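Chemist: Here it is: the structure, laid out below.
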Amino acid sequence: LKVGASNALAWVTRLDDARPVADAEVVLQDCTGATVWSGTTDGDGIARIDGLPQSGTLPECEFDERRSW
């Protein structure tokens, strides 16, 4: 995932051979689990993500390393 000021790109590839995965479902969630964006990758395994919320408008959640895997 590469995030810019107003958009982002997600690349999805297979673990065994690094080939792009077309039509993969991509879901971005905030720290509360609410979906911010969802869509699918194109034929090159890329999801172009536009319309992200502005910085500072998403909820802030404390990081609890005991719940992080």
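The values are calculated or read from the model by the stated rules, or taken from the named source; none is laboratory data. No experiment lies behind these values; they were computed from the predicted model shown. With ideal geometry, Cβ positions are generated from the backbone for all residues, glycine too; neighbour counts draw on all protein chains shown. We work out accessible area using only protein heavy atoms, side chains counted, and drop any ligands, DNA or RNA first. Shrake-Rupley method; radii C 1.70, N 1.55, O 1.52, S 1.80 Å.
Chemist: In bins 5 Å wide, starting from 0, what share of all Cα pairs of region 22-63 does each bin hold, as a percent?
Modeler: For region 22-63, the pair-distance distribution reads 6, 20, 25, 20, 13, 11, 4, 0.
Chemist: Applying 1/(1 + (r/R0)^6) with R0 = 22 Å to the Cβ-Cβ distance of residue 48 and residue 18, what FRET efficiency is obtained, to the nearest 0.05?
Modeler: That pair, residue 48 with residue 18, gives E of 0.65.
Chemist: At 1.4 Å probe size, with every protein chain present, just tell me what the per residue accessible area of region 18-68 comes to in Å².
Modeler: Per-residue accessible area for region 18-68 comes out at 78 Å².
Chemist: Quick one: Karplus J couplings for region 5-22, per residue in order, coefficients 6.51, -1.76, 1.60, θ = phi - 60°, nearest Hz, x for Gly and Pro?
Modeler: 5, 10, 8, 8, 10, 10, 9, 10, 10, 6, 5, 6, 9, 6, 6, x, 10, 7
Chemist: In the chain, what percent of the accessible surface is made up of carbon and sulfur (1.4 Å probe, ligands and nucleic acids excluded)?
Modeler: Reported share for carbon and sulfur atoms: 47 percent.
Chemist: Sorted by average packing, counted as other Cβ atoms within 10 angstrom per residue and highest first, what order do 26-35, 41-50 take?
Modeler: Details: 26-35: 11.7, 41-50: 14.9.
Highest mean packing first, the order is 41-50, 26-35.
Chemist: Using θ = phi - 60° and the Karplus curve 6.51 cos²θ - 1.76 cosθ + 1.60, what whole-Hz ³J(HN,Hα) does each residue of region 36-42 get, with Gly and Pro shown as x?
Modeler: Along region 36-42, the couplings run 9, 7, 8, x, 10, 7, 8 Hz.
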